[in-house]
1. I'd like to check something: does the stretch 293-303 contain any residue that is at pLDDT 90 or above, within 27 Å of the chain's Cα centre (by Cα), over 27 Å from residue 142 (Cα atoms) and surrounded by fewer than 12 Cβ atoms within 10 Å (Cβ to Cβ)?
2. Report whether or not residue 312 is of a type in the set (Asp, Glu) and within 25 Å of the chain's Cα centre (by Cα).
3. Does residue 216 satisfy the condition of being farther than 23 Å from residue 65 by Cβ, small (Gly, Ala, Ser) and at pLDDT below 95?
4. Are any residues in the stretch 35-69 surrounded by fewer than 15 Cβ atoms within 10 Å (Cβ to Cβ), touching a residue at least 12 places away in the same chain (Cβ under 8 Å) and polar (S, T, N, Q), and if so, which ones?
5. Within the stretch 108-151, can you find the residues that are open to solvent by less than 30 Å² (accessible area, probe 1.4 Å), more than 23 Å from residue 75 (Cβ to Cβ), of a type outside the set (A, V, I, L, M) and not in a strand (DSSP E or B)?
6. Can you tell me which residue within the stretch 327-336, out of those that are modelled with pLDDT of 95 or more and farther than 22 Å from residue 294 by Cβ, is most open to solvent (accessible area, probe 1.4 Å)?
7. Can you report the number of residues in the stretch 345-391 which are within 21 Å of residue 325 (Cα to Cα), open to solvent by 60 Å² or more (accessible area, probe 1.4 Å) and either touching a Leu at 6+ places or on another chain (Cβ under 8 Å) or touching a residue at least 60 places away in the same chain (Cβ under 8 Å) (or both)?
8. Have a look at 344, 354 and point out the one that is farther than 19 Å from residue 121 by Cβ and of a type outside the set (S, T, N, Q).
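The values are calculated or read from the model by the stated rules, or taken from the named source; none is laboratory data. Computed from a predicted structure; not experimentally measured. A quick note on method: Cβ atoms are made from the backbone with ideal geometry, for glycine too, and the neighbour counts reach across all protein chains shown. Accessible surface areas use protein heavy atoms only, side chains included; no ligands, DNA or RNA. Shrake-Rupley method; radii C 1.70, N 1.55, O 1.52, S 1.80 Å.
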Amino acid sequence: MLMRRELRPDVLTHLGPLPVARFMREVWGRRPLLVRQAFPGLRPPLTRGELFALAAREDSEARLVRRDAAGWHLEHGPFPRRDLPALRTPHWTLLVQGVDLASEAAHRLLARFRFVPDARLDDLMISWASDGGGVGPHVDNYDVFLIQVEGRRRWRISRQRDLALLPDVPLKLLANFRPSAEWVLEPGDMLYLPPGVAHDGVAEGPCMTCSVGFRAPTFAELLEPWQAAAAEHARLPGRVSDSGRPATLHAGRLPRDLVTQVHAALSRHRPSAADTERFLLAHLSEPKLQVIFEPAARAVDPAAFSRLCAREGLRLDRRSRLLTGRAGLGINGEWLAWPRAGRAILARLADYRALAPQECRALPDPVLTLLAEWAEAGWLHLGATPPEVRA
């Protein structure tokens, strides 16, 4: 029996007084929404010191934005602490992407937004800013939830159509930002912004903000990997042939009949919706570039693994991406057809990212083999819940 309630992630059911179902129907992708005390009593997932330490790691994706009399400055990490400005120096911001990959507390905060499909969910970024710090007025082409977790930040927004950018600036900053609304966010407050809303956040004293972002790739960005995936699975018999061709006087000219022949052959291949699903399952489950999984120290014995997971349960590694579709599933950039048995339990694992011990008993052999392989690769771990971390 599936223990859905016990293991379901702590997904938000309301954004303030607004039920999530109504938010998705009326607000998502349409208009901004300010939610006072969306997270009452919320503590930062990381302390300032922990965030600075994360920004110093080689596998971190960190940026430093500074503003002074000479203008705006942008630097990319990693940043040893000595390379960061003094805390009392105004007008600087440290931004660290993918904090959910390194911190269980950040991962749990990100998981509260899984009322949006994982295929759209990107990562949780944390920014720490000194007094007056910010990244300037700009526009994002994706949905974002801005959660104030420490200190105060003033947000100004605009629906303006003038998106001209400042010249000779290392950031894409609006040249003519004209705010139409503004709020000061306190710890626990949250601001949702759909794509295309110009905004500018400025710290009023030192502050920390969490940003939950959602992927919205353009179709042009998807075209090349989609075509590569389609070519990998295409079955096009035959090859170019020009038997009987007469001698040419124009060796440097592309033969017109060659163009016609190749165009006719390639045009016969039209990827199906199933091909597109297979591509998206693999492409959208691809982990971040900095993710490196640690394989098990020794080969996983399926029989021993079966006994252990029946006693302890299983959970996906917080860095693993698992998506399911009609014909198969995608995990960490790989597409797999559904095994001949056990589809429901794998779909359960994708939805809830964990299996209770009771759910791991009497697993079908194909599923057990698959899960053992994932455990050996470091994609999942024993234990239905992760080790406790600082609340």
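1. yes
2. no
3. Here the answer is no, as residue 216 does not meet what is asked.
4. 37
5. Within the stretch 108-151, 113, 143 meet the criteria.
6. 335
7. Of the residues in that region, 2 qualify.
8. Every option except 344 fails the conditions.
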